[in-house]
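Single-structure report; data block below.
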Amino acid sequence: MSARFGFFAALASLVFAVGYGVPQILQVAGLLPTPLDLILIFLPSLLLAPAFVATMAALHVQAPPQAAAASLTGLSFAILYAALVCFVYVVQLGAVIPAILAGDPARTAAFACCAPGSPLTMVDLLGYTMMSLATLCSAAALRGDGLERAARLWMILNGLLAPVLILQILWPWLIWAGALWLVTFPVAMTFVMTVFARRIDRGAM
């Protein structure tokens with residue numbers, strides 16, 4: 001059952017990550033008007049948080065005993081990530097964007113994300129640093145060859161973005177390096193999803 005659960009959780013994580021990434025790229029390219037761009041960015045970002053926690057939980061449940069401590073640590077980082085970013089995105093969707101639609105953006109400007117230096121940008125960066133640490137630690141749960149090795153590699157690569165993400169607090173220009181997340185995370189979730197699919201086929205439900 002945990003393999004099937006993990007498959008759908010990883011699939012949801014992949015869908016929501018791509019659902020965030022596409023409008024983010026379109027926003028940078030100037031192809032989306034405000035606040036439509038913000039809605040299309042923050043809504044899938046909010047949905048990604050619980051999907052990712054569920055994915056890490058499924059990995060932990062199926063982790064071999066020698067990797068249990070690392071995978072539990074990864075799950076803990078995932079929960080921290082979700083708590084931080086859910087706060088940010090609920091504020092954006094429930095307060096900041098409605099204020100923009102009402103023609104009064106100044107009313108909630110102090111709570112807007114994600115311009116450099118904004119308080120909630122700092123919270124968001126901390127959240128995604130926790131996510132990267134989660135994939136770095138939870139990679140230990142993937143011990144096999146082939147697909148599991150590929151999944152482990154991409155989880156680690158995503159985890160190595162943690163310093164780049166948190167250091168954006170000091171050097172916002174590091175966002176261009178942090179943008180590698182748009183590749184490393186979806187690829188990692190694709191491989192994790194495939195690992196779970198193979199376990200389902202082998203009867204590790």
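Restricting attention to the stretch 33-58 and to residues that are closer than 22 Å to L14 by Cβ, without any contact (Cβ under 8 Å) to a residue 60 or more places away in the chain and over 14 Å from the mean Cα position of the chain (by Cα), the residue that is surrounded by the most Cβ atoms within 10 Å (Cβ to Cβ) turns out to be A57. Contact map, the stretch 165-193: residues that are farther than 16 Å from L133 by Cβ paired with residues that are among the β-branched types (V, I, T) and part of a helix (DSSP H, G or I), Cβ distance under 6 Å, separation 6+ or inter-chain. Pairs shown: L174/V164; A177/V164; P186/V18. Within the stretch 69-108, being within 30 Å of A140 (Cβ to Cβ) and among the hydroxyl-bearing types (S, T, Y) holds for S71, T73, S76, Y81, Y89.
Since every read-out is calculated from the coordinates, none of them should be taken as a lab result. In this text the structure is predicted, and so the values were computed from the model without any measurement. Quick reminder, even Gly has a Cβ in these numbers, built from the backbone with ideal geometry, and neighbours come from all protein chains shown.
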